Amino acid sequence: MQLKKILAAGAMGAMMALSTVGFATTLADFPVPFVEDGEFNSVIVVGATAATSDVVGAIDLGAGLASVGKATPAGEATTTVTGGKEEEVGIKEDLYTIFGTVDDSDVDGLLDTDIDFNDEAIDVKEEVTFTTDLKIVSTEQDDDFGDKIALITNDGAIKYRYIFDDTVKIADIGTGTDQDELKITFLGKDLTITNVTNGTPDTITLELATEYMLGVDESVETDGKTVTVNGIGSDAVSVTVKGTTEETAVIDKSETKKVNGVKIKVDSIFYVDEKADRAAILKIGDEVSKKFSDGDSLEPFGEPSKEADALWIWDFSTDGTKLEYIGIEYNQKSNDPDDDPAPVYIGESLKLPNDYFEIKLDKATVTDYQDYKISFDTKDLDDPDDDTHDVDDATVLIFEGEKDDAFKVGSEEVAAVYLYMKKGALNESALWYVDSDGRTQYSAAKNLSAAQADLFKFSYDDTEFTVDWTNTTSVITLDITDETEETGDIVLNVSTTTVQHFGATAEDADTDDIKYGATDISNKDKNYRTEYGIVIDEPENNMDRDEVLLEIPGDVVKVNVILSGTGTTTTETEGDTIQVAQYIEASVAKLDTEVNSEDKAGNLILIGGPSVNTLVKELLSAEWNTTDTYTAWLDHFSSGEAMIKLVEDAFGDGSLALIVAGTDAADTVEACHVLQNYGNYATEFADKEEVKVTTEADTVNVV
């Protein structure tokens, strides 16, 4: 049948009996909310007395909705950094080793320029440095991290320095004769240094006020008050400060006064005969100047006055007669999850004051993991090719993954491995495996009468490591260190008495049941992440079931760390997605006689007219104000016509019903087919809660 789309002009007349004002959902939203993010979120209801055709229409519509996919990532998101520096940093690696000293050649925004001082050009530059205390960690640092990856730091681990490459004599800094104020842009903020002393500790004095050049009768707003210049003399300035009260004062050149609560310093005066051309430079602020010692809190950038509470403190250096650098350093310890401030986790940043420089843990380099399980069970070991090795009711240690090629025995990719350990005769143990065809096979190539250093391999993407077997003690070693960047192996101890469980006691986490390197993790109750990035799920809880659950990444897990400055741009590009149909486990269809109050509180798709679907009759009776819905239907619809109609709050607040009903069963089926092909009717559904479907001469129209 040909499907022809016709968009009706104007309203639908009597068919639109319900007001459309306030509708939150329209047919243009379909299949939402009945299917959302690939999840079926509704019940399809067919009348118990309906014709078979209604059921066919419901099946077609249900099949269409079941195929609505969930947006699933099919490609990695990418981050493009311009004017910054990024590196992959592994667990237990520090930023000092990876990045070294960072300057303008690495990060845009850091300065390498010259400034004017005492009529000379002085070369200056900015650098950011780290210590080995700034590093990426996980569970080995503190059990409370679980499997989270974090950046920890310590006091002094981050340093920012404004370095003077040319000589700046301390004696030349000041406001006296033959001296000059040292003006720099520090962390992106203009600072004026009026004094530096060499001592224990070194000190600097900063002008903290804001500088304004004002003429007569000109004003400036500061902290909710208005400062107005009334007059300018050759040696003094008259000002008025107006807030809730008003005060006027005369301030001599180079003098500082507090006027109506505002500190004002007359820095300089430009005096000429013409009053309108006179000007004065005023420095206005809570504190006009303040002395800071090396190690003091970085108060001018918003840090608290108490050094112990400050994130950042001053750090400057002189060599006796010269100023070498002015800087800051980090002043807190963030080594475990309970510290305040807390460590920095993936997706978070650590920033210098004024957001001048940022250290961001952008993302983990690996997000794909395969789940593996190691557990005990009883199996009948039957080799289809050779029955001489068969064992009935054998207790085996099973290694299994999610994929058919989770392991390698020799060069063969296999789905699972069975380690049969013979009680009382470990040297007669044997290795079995499940091949890619699902057949259980005896491995003649692996002789377990002696220790094996390469029994089989875990294999997932770029991650491979061997499993070693010690026949005298039944110690099983996941030998990660041989073929990866890992520094510790995972060691499992199987009971030599029963060879049916880990450790001395069945279903109980005993000491040394499972170790990572030399560390016993048998009683760790949180996930444990290794240096390579392997996650051992809740060792204690799983050892209580004599199981080991592993999440093995496709490669070594590192963190993409981005260093950025004020000139850095970072662009995020989402990875490609594909629509993946989701498996639906729950029942999605019911008869009208089976629908309960819980169903009515949700989303319902009602198939069939009021003569065959009691829920449709209930809704249309209320809308048309009649119990004779059959007659009322014929007042609105003729043969060959159907309705698709949304009803909000259909059976109570928040419920939503979608009526799909025709004058006869064939009309209902055509309306179901329209919804099944909803993507073809975006224009017809736009901004509508109801449409009419008509069938005429094998042509379906939607109006």
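What are the residue pairs meeting all of these: first residue in region 632-650, first residue without any contact (Cβ under 8 Å) to a residue 24 or more places away in the chain, second residue surrounded by fewer than 18 Cβ atoms within 10 Å (Cβ to Cβ) and of a type in the set (S, T, N, Q), Cβ atoms under 9 Å, and 6 or more apart or on different chains?
These pairs meet every condition: A632/S621; A632/N625; A632/T626; D649/S655.
Looking at region 478-496 only, could you name the residues that are open to solvent by less than 30 Å² (accessible area, probe 1.4 Å) and over 18 Å from E547 (Cβ atoms)?
D479, I480, T484, E486, G488
Anything in region 203-218 that is open to solvent by less than 60 Å² (accessible area, probe 1.4 Å), under 16 Å from I281 (Cβ atoms) and in a strand (DSSP E or B)? List them, or say none.
E207, Y212, L214, G215
Somewhere in region 230-237, is a residue polar (S, T, N, Q) and open to solvent by less than 30 Å² (accessible area, probe 1.4 Å)?
no
Step by step: first the residues of region 29-40, then only those that are open to solvent by 70 Å² or more (accessible area, probe 1.4 Å) and touching a strand residue (DSSP E or B) at 6+ places or on another chain (Cβ under 8 Å), then the one that is modelled with the highest pLDDT. Which residue is that?
E39
Do we have S53 as open to solvent by 30 Å² or more (accessible area, probe 1.4 Å), modelled with pLDDT of 50 or more and among the hydroxyl-bearing types (S, T, Y) here?
Yes; evaluated as a whole, the condition is true for this residue.
When residues of region 655-682 are filtered for being touching a helix residue (DSSP H, G or I) at 6+ places or on another chain (Cβ under 9 Å) and either of a type in the set (V, I, T) or part of a helix (DSSP H, G or I) (or both), how many remain?
Of the residues in that region, 18 qualify.
Filter region 653-701 down to the residues that are open to solvent by less than 50 Å² (accessible area, probe 1.4 Å), of a type in the set (V, I, T) and over 21 Å from L620 (Cα atoms), then identify the one that is nearest to the chain's Cα centre (by Cα).
Residue satisfying both the conditions and the ranking: V674.
Looking for something farther than 30 Å from E303 by Cα and out of contact with any strand residue (DSSP E or B) (no Cβ under 7 Å at 6 or more places or on another chain) - is there at least one such residue anywhere in region 350-361?
no
Please go through region 586-623 and pick out each residue that is of a type in the set (V, I, T) and either open to solvent by 10 Å² or more (accessible area, probe 1.4 Å) or within 42 Å of the chain's Cα centre (by Cα) (or both).
If the condition is that a residue be of a type in the set (V, I, T) and either open to solvent by 10 Å² or more (accessible area, probe 1.4 Å) or within 42 Å of the chain's Cα centre (by Cα) (or both), then V588, T593, V595, I605, V612, T614 are the ones that fit.
Return a yes/no flag: does region 424-443 have any residue that is closer than 22 Å to D371 by Cα, open to solvent by 70 Å² or more (accessible area, probe 1.4 Å) and either at pLDDT 95 or above or in contact with a Pro (Cβ under 9 Å, 6 or more places away or on another chain) (or both).
yes
Looking for whichever is acidic (D, E), touching a residue at least 12 places away in the same chain (Cβ under 8 Å), farther than 30 Å from V81 by Cβ and open to solvent by 10 Å² or more (accessible area, probe 1.4 Å) here; the options are E547, E551. Which one fits?
Of the residues listed, the single one that is acidic (D, E), touching a residue at least 12 places away in the same chain (Cβ under 8 Å), farther than 30 Å from V81 by Cβ and open to solvent by 10 Å² or more (accessible area, probe 1.4 Å) is E547.
What pairs come up if the first residue lies in region 190-211 and is closer than 13 Å to Y325 by Cα, the second is modelled with pLDDT under 90 and open to solvent by less than 60 Å² (accessible area, probe 1.4 Å), and their beta carbons are under 7 Å apart, counting only those six or more places apart or on different chains?
That search, which allows pairs on different chains as well, returns N198/G320.
For the structure I just gave you, tell me whether K242 is out of contact with any helix residue (DSSP H, G or I) (no Cβ under 8 Å at 6 or more places or on another chain) and either open to solvent by less than 70 Å² (accessible area, probe 1.4 Å) or under 24 Å from V168 (Cα atoms) (or both).
It is false that K242 is out of contact with any helix residue (DSSP H, G or I) (no Cβ under 8 Å at 6 or more places or on another chain) and either open to solvent by less than 70 Å² (accessible area, probe 1.4 Å) or under 24 Å from V168 (Cα atoms) (or both).
The values are calculated or read from the model by the stated rules, or taken from the named source; none is laboratory data. Quick caveat: nothing in here was measured; it's all calculated off a predicted structure. Neighbour counts are summed over all protein chains in view; Cβ atoms, including those assigned to glycine, are modelled from backbone coordinates with ideal geometry. Accessible surface is based on the protein model in full, side chains and every heavy atom, while ligands, DNA and RNA are left aside. Shrake-Rupley method; radii C 1.70, N 1.55, O 1.52, S 1.80 Å.
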